[in-house]
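Worksheet for the structure shown next.
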Amino acid sequence: MDFKDAAKDKIRWDGTISVNDFSLSASTFSDKWKMFNPSFPPWLWTAIPKHHLGPPKVEGYLSLENVCLVKSSEEEEESDISLTCKAESIISRTEEPFDDATLVCPEHEVNYYDFHIVYSPSYRVPVLYFRSYHSDGQPLPISEIEKDLPGHSAELLLESKWTFITQDEHPYLNRPWYKLHPCGTSEWMKLLFHGDTSLNKNFIEQYLVSWFSVVGQVVGLKTPLAILDNVVSNDS
């Protein structure tokens with residue numbers, strides 16, 4: 001690619017990705033999460049076969065489920081998320097030691113979350129869908145979810161409730177889920193990549209890692225620094 005082509009790509013990229021790029025980026029994100037977060041439950045790819053007039057097409061989404069969110073008694077303004085998929089079954093399956101401080105689920109005041117990363121064909125960006133429920137399976141209303149959010153997210157929710165977090169039908173499960181509204185995602189993704197993807201051949205693979213480093217913080221799911229450092233080293 002010569003300089004003129006690189007310049008055109010830099011101007012042309014609008015911060016979005018295709019559905020095929022999303023699948024590729026999701027695979028990279030899932031692998032890196034598993035590599036640098038071995039004690040946490042993995043993000044799993046759920047394939048959804050699509051039958052059109054042409055050849056069969058497979059779409060899908062990433063899921064992280066049975067996440068135990070424990071409100072810290074020491075930090076009232078911020079909530080810490082403890083990741084678990086029924087810890088005992090995970091430990092027996094993976095045979096890996098877990099940090100007891102991470103996988104602590106007290107018998108009271110525990111809410112569970114399911115997170116899905118789904119591609120939006122209309123916005124051409126990933127969207128974080130989630131639902132929350134008590135241990136008995138009863139869904140949480142938005143007023144209860146608000147108490148679990150980190151302080152900065154709760155404040156933003158109060159200022160712009162239904163433009164920040166909206167309730168919508170899950171595109172694959174056909175049930176109401178909450179989602180972080182994707183409006184503006186493409187703009188801040190351009191900022192993350194400085195508007196230039198032409199000189200970064202790995203930007204598709206890095207897209208979802210970079211996206212989640214911002215979006216995950218909204219619900220208290222932080223991206224390990226090792227993943228971000230790995231992205232930077234691959235970019236250099």
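How much accessible surface area, in Å² rounded to 10, belongs to the heavy atoms of TRP177 with a 1.4 Å probe?
10 Å²
Residues with beta-carbon under 10 Å from that of ASP114, excluding ASP114: net charge, scoring Lys, Arg +1 and Asp, Glu -1?
Net of charged neighbours comes to 0.
The values are calculated or read from the model by the stated rules, or taken from the named source; none is laboratory data. Since the model is a prediction, treat every value here as computed from it, not as a measurement. Virtual Cβ from ideal backbone geometry, glycine too; neighbours counted across all protein chains shown. Heavy atoms of the whole protein, side chains included, go into the accessibility calculation; ligands, DNA and RNA do not. Shrake-Rupley method; radii C 1.70, N 1.55, O 1.52, S 1.80 Å.
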